[in-house]
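One structure is given here, and the rest of the page talks about it.
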Amino acid sequence: MDLYAHFHGFIVAEIEALVGAGELPAGLDASRIAVEPPRDPAHGDLSTNAAMVLAKPARMAPKAIAERLRPRLARLPDVTAAEIAGPGFLNLRLRDSFWHARLAELLRAGPSYGDSTMGQGRPVNVEYVSANPTGPMHVGHGRGAVVGDALASLLAKVGFAVTREYYINDAGAQVDALARSLHVRYREALGGKIGALPEGFYPGEYMKEIGSIAASMVRNLWSGADWQDREAEWLPTFRDIAIKLIMEMIKQDLAALGIEHAVFTSEREIVNSGAIERAMETLEARGLVYVGTLEPPKGHLPDDWEPVPLTLFRSTPFGDDVDRPLKKSDGSWTYFAADMAYHFDKYQRGFADMIDVWGADHGGYVKRMQAAVTALTGGAGALDVKLCQLVNLLDHGEPVRMSKRAGVFVTLREVVDQVGKDVFRFVMLTRRNDQALDFDFAKVVEQSKDNPVFYVQYAHARARSVLRHATEMFSPEALAPDALAAAPLDRLADRDEIALVRQLATWPRVVEAAAEAHEPHRIAFFLHDLAAAFHGLWTRGMDDANLRFIVSAAPDVTLARLALVQGVAFVVASGLAVFGVAPAEEMR
């Protein structure tokens, strides 16, 4: 049950009853009425802004509406009190029996508690990682990978039909530079002397590795003295080899992180298929392509700057800052044109809802891409872009910057191999994606309450430990979730116990709200708060034997508390599943 939606229905019904009784005017719009937990739990269990949002259309003071509504809400099933607060908020207090029923509901649902049909099977495309196939992934790529994968899982949990996609940027000058870099290492593998790498070539041990593989594939076919004169012949071969081998490397790194994409789309295939031309025809038919000149760059004007007629996309009507070039001065398509065609291709594959997870350095690209999607789809498509800020790698507070294998950065695989995929994935979601994140090798494996990974995992492990110990007192059948759902839950009467049940009962709403906002980090925040409440209850039991989860002299109380413990385990496991993290059975 979404308890907030449940009471929202009751509140709207009572408002309609007031309208029917002539105490409120007809035609009031209830769509802005919200039911939320109060900011301060001391104010009650639920709060509604109904009187506030109806005041203006009803031409009444908020408190006057609240006074009419309050006694009706106080008589609702499961409500013990309705109170007016501030300028007209209504706070509701619920019976303990209502919360006991929610715990039983949770136990019967098990780990699927929190699943919903909000998405109604609507297709959504989540594109993430999409690192240029020019080398191993770094930690920044890993953050985008985890955010995208967790968001995809979150959307699937609430009923969307999710497709995970990777866009291979295998066209353009950087891939040609990669092919030339590989050719250098290929010649080196065959015994040639290569000297210093030219400017713009890719360094790193990984290029030597794939150079050796290339040498075994093509032998000495392209290593003769005339190799420079024959570049046009060998460049496509080495480009294909480099992309194939590095994409295999990237897929292996993603697999180590527990990530698998369903679709890989090639930029080169998009370009070669005529998709750009088809997208441009769509824009031209809508009068959105023209030849014009751009305004000079802001700030210092270069001496050699002169306005050049360019083919432009009329993007400003769709919220962009300036119109955008579709062709370069040499007549070739811009990268933006290819990206437009790619997103139009997504839409034509049935994805009106698209989510891209990008690095923070693409922030200036967001408005134009969203404008393009709106223009190409006639407003039927929508693009949400999640920008992932930088990850600062530290070890005991000191920066870690270099990697022998990559040459200039620490690779994602090196980090995952050192701390494990579950730790890496969880830590990447402990902050909003648009905030920088410090990843300290020492702290992320530290077993303390200051480490959110350990703190949440310890809550699950502690719950499982309690349930294992309970087998000394009860049969396995008595400890089954369905049996615990039928336990005397009314024995949960302590305020902290009820508060913990209340927290568990908000899980379905937290899931839907996080999915709707495209913010998987909300799950991490919720899990941390839940773990804190559970650990706090455990600590009270250590100080007072009567508050322990297992009280041998009180089997009914024990069964009720074990039901609560199992509920915590289910919700923590459910949240960790969204993150692709295995819940710990015990901590070592």
In degrees, nearest ten, helix 366-376 long axis to first principal axis of the chain (Cα): 90
Evaluate E = 1/(1 + (r/R0)^6) for ASP40 and ASP544, where r is the Cβ-Cβ distance and R0 equals 30 Å; express this FRET efficiency to the nearest 0.05. 0.70
Once neighbouring chains are kept in place and the probe is 1.4 Å, which whole percent of the accessible area of the chain is contributed by carbon and sulfur? 51
Counting only other residues whose beta carbon sits under 10 Å from that of ASP440, what net charge do I get with K and R as +1, D and E as -1? -3
Using a 1.4 Å probe on heavy atoms of the protein chains only, the accessible area for GLU260 in Å², nearest 10, reads 150
What do you reckon, how do ASP303, ASP176, ASP253 stack up by accessible area (1.4 Å probe), largest on top? ASP303, ASP176, ASP253
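Per the helix-only calculation at 222 nm, which mean residue ellipticity applies to the chain, given -39500 (n - 2.57) for every DSSP H run of n ≥ 4 and division by its residues, nearest 500 deg cm²/dmol?
Values: 21 runs with 285 residues, N = 588.
Helices in the chain give a 222 nm mean residue ellipticity of -15500 deg cm²/dmol.
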Mind checking the full-extension length gain between GLU67 and HIS6? Use 0.36 nm per residue of separation minus the Cα-Cα distance, one decimal, nm. 19.8 nm
Rounded to the nearest 10 degrees, the helix 173-189 long axis (Cα) sits at an angle to the longest Cα principal axis of the chain of 70
Over the stretch 209-319, what is the relative contact order in whole percent, taking alpha-carbon pairs under 8 Å and six or more residues apart? 17
Report the gain in length on full extension from THR293 to ASP417: 0.36 nm times residue separation, minus Cα-Cα distance, nm rounded to one decimal. 39.5 nm
Residues in the stretch 246-277 that a label on LEU221 would reach, taking backbone N under 18 Å of a point 7 Å out along Cα→Cβ: 246
In what sequence, highest mean first, do 148-154, 58-64 appear when ranked by Cβ atoms within 10 angstrom? 148-154, 58-64
Accessible area in square angstrom per residue, the chain, 1.4 angstrom probe: 45
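Residue separation times 0.36 nm, minus the C-alpha to C-alpha distance between GLU205 and SER552: what's the value? Present the calculation step by step, with values, prior to reporting the outcome.
Working: separation 347, 0.36 × 347 = 124.92 nm, distance 6.23 nm.
Full-extension gain reported as 118.7 nm.
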Heavy-atom accessible area order for THR506, THR471, largest first, 1.4 Å probe: THR471, THR506
With a Förster radius of 22 Å, plug the Cβ-Cβ distance of THR80 and ALA21 into 1/(1 + (r/R0)^6) and report the FRET value to the nearest 0.05. 0.35
Report the FRET efficiency, 1/(1 + (r/R0)^6), for ALA13 and VAL322, where r is their Cβ-Cβ distance and R0 is 56 Å, rounded to 0.05. 0.65
Less than 25 Å apart at the alpha-carbon level, and either on another chain or at least 8 residues along: which lysines does that give for LYS193? LYS208, LYS404
Please determine, in degrees from 0 to 90 and to the nearest 10, the orientation of helix 96-109 with respect to the longest principal axis defined by the Cα atoms of the chain, where the helix direction is its Cα long axis. 40
Taking ASP490, ASP170 and ranking on accessible area (1.4 Å, protein atoms only), highest first, one gets ASP490, ASP170
Pairs over 30 Å Cα to Cα, from LYS386/LYS443; LYS328/LYS367; LYS367/LYS421, come to LYS367/LYS421
Out of the stretch 374-470, which trypsin sites (Lys or Arg not before Pro) are coil in DSSP terms and have no more than 13 other C-beta atoms within 10 Å? ARG401, LYS404, LYS449
Isotropically averaged projected area of the chain, using the convex hull of Cα atoms (one quarter of hull area), nm²: 35.3
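The values are calculated or read from the model by the stated rules, or taken from the named source; none is laboratory data. The structure presented is a predicted model; accordingly, all values stated were derived computationally and were not measured. Cβ atoms come from the backbone with ideal geometry, glycine included; neighbour counts cover every protein chain shown. Surface areas here come from the heavy atoms of the whole protein model, side chains and all, with no ligands, DNA or RNA. Shrake-Rupley method; radii C 1.70, N 1.55, O 1.52, S 1.80 Å.
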